[in-house]
Structures are given as C-alpha cells and as structure tokens.
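Visitor: Please see the structure below; I have some questions.
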Amino acid sequence: MNGTGVNDAAADPTLADLTTMRVGGPPARILTPHTEVELIAAARDVWEDGDPWLLLGGGSNTIASDDGFDGTVIRIVTRGIQRLDTGMPGERVRLRVQAGEPWDTVVATVVANGWAGVEALSGIPGSTGAAPVQNIGAYGQELASHLTAIDFLDAATGDVRRMDAAELELGYRSSVLKTSPVRGGLRGVVVAIELDLPPNETAAGAPMSEPILYAQLADALGVSLGSRVSLAELRRTVLMLRASKGMVLDPDDPDSVSAGSFFTNPIVSSAFASTLPADAPRWPVAPDEPDLVAPLDAASAEQSASVSLLAEAARERGRRQGRRSTDVKLSAAWLIEHAGIRRSFALPGSRAAISSKHTLALTNRGGATAADVIELARYVQSRVQAEFGVILQPEPVLVGVSL
Ligand SMILES: Cc1cc2nc3c(=O)[nH]c(=O)nc-3n(C[C@H](O)[C@H](O)[C@H](O)COP(=O)(O)OP(=O)(O)OC[C@H]3O[C@@H](n4cnc5c(N)ncnc54)[C@H](O)[C@@H]3O)c2cc1C
C-alpha cells in the first residue's frame, strides 16, 4: 500500500473484533483511513490492485464468515461534521458529514444545536457512511427524509461524484448501494453525506421535535400521534425504549451483541395477507417507512386520523417506488413468535440465541460462530415459512455466508 499514509493495522483483528455480532475470521489485510483524502486514495489503490474488498464502518450490520475475508477490509474512521453555508441565514441547516463519523454523534450534535429531523434515529449504531446503504430508520423517522446528497467514490470509474438522494432509490432498509450490482446496484464508497434540516421551531423556549409518527413512542411520551415534544425529551425517550429492547450497544447488555433486527418486515400482497390469521399485524402500504404507521387494530380513533394522513403520504412514496397500493407490511417479530420461537431460544449446544428482549434480534451469547448464527437464522426462517408461507429476508449484509 503506497502513498495513502494509511495504517495497515498493527495487531491482527478478526472480523469478530470489528463487528457488533462478534463473529467472523481474519481478513487478509485491513486499511484504516482517517481522512477523506486517505479514504479515497486507499480505495483507489485497492481497486487498482484488483483485490477483493470490503467496506466497514461500525460493523453493526455485517455478518462475516468464520473463514474471514480473503481480501482487503477498508475500515472507515474519517471524522467531521461541517455546517455548509446555504446562503439563507436563519433558514434551513445544511450539514456535510464524513462517512466514518459515528451516526449517533451526528444525532447528538444535531439535537444539541436544536435542529430537528433525525432525533428519532437516536442510538442507531454504526457509521454515517453506512446510513444511506440501508436507509436507516426507526420510530417513525428515516434518513431519506433529510438526506439531500452523498459524495460517492464510484468503483466503476474511480471518480468521486455527487449523487442526489433521489438517485439512491432509498426504500425500506434498501438502496442502490445495498443492491447487488447484478440487480442494478452500485459498488463504491460513500465518502460523505449531506443533510438538510428545517429551521428551529421552539415552544416555551425549547427546540421541538418533528411530529411523532410512531404509536409506541407517542405512548411512552404520553402524547398523541402527530404531537411534538422537546428534542431533548424525544432523544431521551428513544434511547430508553431502545435500551429496553437491547437495541443500543451496551457492554453490559448481552442482548446488544447482535446486528439489530435480523429480518426485515416482509411486504406481501393484501391477497396473500388475507390468508394469515386475523390477528397477524399488518400495516397499510408504507413501503419505505415501516415504522410510520401503527397497526390498524392498535390505533385509537384519534390516532387513526393521523395514521390515515401519514399512510397516504407513505402510499404516495410507495407509488413513486413502483409498489402496488395493495401491498401490506407484516411484522417479522409477530411471525417469528407465532411460529413458536420464543425469546432466548437457542438450538441445542449453540452459542447463538434469540435476544431475551426481542424476537427479531439474533444474539451472540459469547463464543458463537458465524455458522451458529446462520444455523439459527435458517431455523427461524424455516419455521416461519412452514407456519405462514413467508420467507423472511435478512437485514444485515452477509459476507461469505448465506441463508
Ligand atoms: C443493536 C443494534 C440496533 C440497530 N438498530 C437499527 C435501527 O433501529 N434501524 C436501522 O436502520 N438499523 C439498525 N441497526 C443496523 C445498523 O446499525 C445500521 O444498518 C447501520 O447503518 C450500520 O452502520 P455500520 O457502519 O455499522 O455498517 P457496517 O456493518 O460497517 O456496514 C454495513 C454495510 O454498509 C457498507 N458500508 C459501510 N460503510 C460504507 C460506506 N462509507 N460507503 C459504502 N458502503 C458502506 C458495508 O460494506 C456493509 O455492506 C442496528 C444494529 C444494532 C447492532
């Protein structure tokens, strides 16, 4: 490796050391670029060498093979949150964030400055550069709502170009960056992202959140759907809710040794959904915002009014993405539980188990291998398929392993 000034990793970390699921063997080589210039040079050098390559940020959405990776891992640790001049003082805020910046640092900074737009995405682990890859989302917000553009180092050309968010085809846990190139996806590096946030709105001197679109969050705050609360209170409540589900990284919580939700919520036709038990939760089409609307049967009359407005907005986005208006989203967690798989379930002798707090998370109870995790995932998948005819799809990126 010449000319990049990058440290080729002194120790020999394995992919288990670099991922939150803590599985995976050693890579052949690791590069750790600290600046944007180093990152671009490192990627170009690796591509020129023709080596297989793998990008890693926080490793919180990656399950890697026990055999490791026979190529170069580029672990992105670039930092920086820069406010761009929009030429409109007092108006919208535009930020350019380096790919390696931890996402939750971005949220904390945005909230501390009194800007709204990403507060419900508090506590999502990982790096900012990976955030557009699966269009991170939680508690009624998703990145797509405030992402304007990325700077993308394209592996096909070796050039950095600005891509508007619209070009990324951001959907529910998906984008062209997550799609395989054979299916029209893109390979390359998100070098930096640009966020556009609305001007401050305050009430009683406190900067306010965006309207709350997620029933469980509204309940925890004791407000109705569509209300706003202070940004600080919203962030605190989201972090508390996430911690109660093992969904924030916490060295003292074994349930957080995971990749978050292991399966996406399946989207099926309403005709297919009608074959499922009546109590199986289903959402009206909200293809790119799974958390946007409450289950129909869970909404109060007041909530229903907000829900239908929100569902209409989601339907419009769905139409733009070519989804059929008859599609509905199912709850993967409900399907798993009703296929008979309980919290803490583990196959005999395995060190991988379902989280004790949430059926959607697969966890490493200490010393699990990637094979253990995959075996458990396949078991869950097969039970749900046998019971309901739905094939659950993994949310994390699988490297050298498959379901
Ligand atoms: C406890 C827990 C809770 C979670 N909760 C949520 C949640 O609520 N919502 C949600 O959406 N996700 C959630 N996740 C998943 C994960 O945090 C996100 O997907 C996050 O964006 C991954 O970031 P990362 O840097 O760790 O990605 P990594 O695992 O390092 O990489 C993920 C993928 O992105 C690629 N990649 C990484 N950086 C770049 C880059 N700069 N340019 C191009 N490609 C890149 C990698 O090659 C890989 O394919 C959770 C995970 C955990 C462990």
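Every number in this text was worked out from the coordinates using simple rules, so none of it is lab data. Because the structure is predicted, anything quoted here is derived from the model rather than measured. As a convention, Cβ positions derive from the backbone with ideal geometry for all residues, glycine included, and neighbour counts pool all protein chains shown.
Visitor: Quick query: amide H of ARG29 versus all other amide H atoms, modeled in the peptide plane; which residues come in under 5 Å with a sequence gap of 5 or more or a different chain?
Guide: For ARG29, whose amide H was placed from the backbone, the distant partners under 5 Å are GLY71, VAL73.
Visitor: How many nm is it between the label spots at ASP250 and GLU48, if each spot is 7 Å from the Cα in line with the beta carbon?
Guide: Distance between label points: 4.8 nm.
Visitor: Let me ask something else. Once every DSSP H run of n ≥ 4 in the chain is given -39500 (n - 2.57) and the sum is divided by its residues, what mean residue ellipticity at 222 nm do you get, rounded to the nearest 500 deg cm²/dmol?
Guide: -7500 deg cm²/dmol
Visitor: In the chain, which helices (entire DSSP H runs) extend 18 Å or more along their own long axis, judged by Cα positions, while averaging at least -1.0 on the Kyte-Doolittle scale? Don't skip to the end; give the middle numbers.
Guide: Values: long enough: 36-49 (20 Å, -0.06); 231-244 (20 Å, 0.46); 301-320 (29 Å, -0.70); 370-388 (27 Å, 0.12).
What comes out of the filter, once short or polar helices are dropped, is 36-49, 231-244, 301-320, 370-388.
Visitor: So, one more: How large is the dipole of the chain about the Cα centre if only Lys and Arg carry +1 and Asp and Glu carry -1, each at its Cβ, rounded to the nearest 20 debye?
Guide: Working: 35 positive and 48 negative charges, 154 e Å.
Using only the charged Cβ atoms, the result is roughly 740 debye.
Visitor: What's the magnitude of the charge dipole for the stretch 328-403 around its Cα centre, counting Lys and Arg as +1 and Asp and Glu as -1 at the beta-carbon? Answer in Debye, nearest 20. Write down the numbers at each step before the final one.
Guide: Details: 8 positive and 5 negative charges, 40 e Å.
Once rounded to the nearest 20, the dipole reads 200 debye.
Visitor: Report the extension gain between SER269 and ALA166 in nm, rounded to one decimal, defined as 0.36 nm multiplied by the number of residues separating them, less their alpha carbon distance.
Guide: Working: separation 103, 0.36 × 103 = 37.08 nm, distance 2.57 nm.
The span from SER269 to ALA166 would gain 34.5 nm if fully extended.
Visitor: Kirkwood hydrodynamic radius, computed over distinct alpha-carbon pairs, for the chain: how many Å, to one decimal?
Guide: Values: mean 1/r = 0.0456 Å⁻¹.
Roughly 22.0 Å, rounded to one decimal.
Visitor: Neighbouring Cβ atoms within 10 Å as the yardstick, rank LYS245, LYS178, LYS329 fewest first. Spell out each step's value before the answer.
Guide: Values: LYS245 16, LYS178 21, LYS329 26.
Going from sparsest to densest Cβ surroundings: LYS245, LYS178, LYS329.
Visitor: Cross-link candidates for LYS178: which lysines have Cα within less than 23 Å, leaving aside residues fewer than 8 places away along the same chain?
Guide: LYS329
Visitor: Hey, another quick one. Apply the a/c threshold of 1.5 to the C-alpha gyration tensor of the stretch 104-202 and tell me whether it is rounded, prolate or oblate. Working shown, then result.
Guide: Values: a/c = 2.23, a/b = 1.82, b/c = 1.23.
Judged from the Cα gyration tensor, the stretch 104-202 comes out prolate (a/c at least 1.5, a/b above b/c).
Visitor: Continuing with the same structure: Using the Karplus equation 6.51 cos²θ - 1.76 cosθ + 1.60 (θ = phi - 60°), what ³J(HN,Hα) coupling, rounded to whole Hz, does each residue of the stretch 130-138 give in order, writing x for Gly and Pro?
Guide: These are the phi-based 3J(HN,Hα) values: 7, 4, x, 4, 10, 6, 3, x, 5 Hz.
Visitor: When the convex hull of the Cα atoms of the stretch 162-275 is projected onto a plane and the area is averaged over all directions, what value comes out in nm²?
Guide: Working: hull surface 47.5 nm².
Value for the stretch 162-275: 11.9 nm².
Visitor: Within the chain, which is the longest segment that contains none of the GluC sites (Glu not before Pro) sitting in a DSSP loop with at most 15 other Cβ atoms within 10 Å?
Guide: Working: sites that count: GLU91, GLU201.
It runs 202-403.
Visitor: Going toward the positive end of the dipole of the stretch 1-153, with +1 on Lys and Arg Cβ and -1 on Asp and Glu Cβ, which of THR19, LEU84, ALA149 do you reach last?
Guide: LEU84
Visitor: Would you mind ranking ASP70, ASP151, ASP12 so that the residue whose beta carbon has the fewest other beta carbons within 10 Å leads the list?
Guide: Working: ASP70 14, ASP151 20, ASP12 9.
Lowest count first: ASP12, ASP70, ASP151.
Visitor: Can you list residues whose amide H is under 5 Å from GLY188's amide H, if they're 5+ apart or on another chain and H is modeled 1.01 Å from N?
Guide: Counting only residues 5 or more places away or on other chains, the set is ALA155.
Visitor: Defining a contact as two alpha carbons under 8 Å apart and six or more residues distant in sequence, what relative contact order in percent does the chain show?
Guide: Numbers: 885 pairs, mean separation 61.3, N = 403.
Value for the chain: 15 percent.
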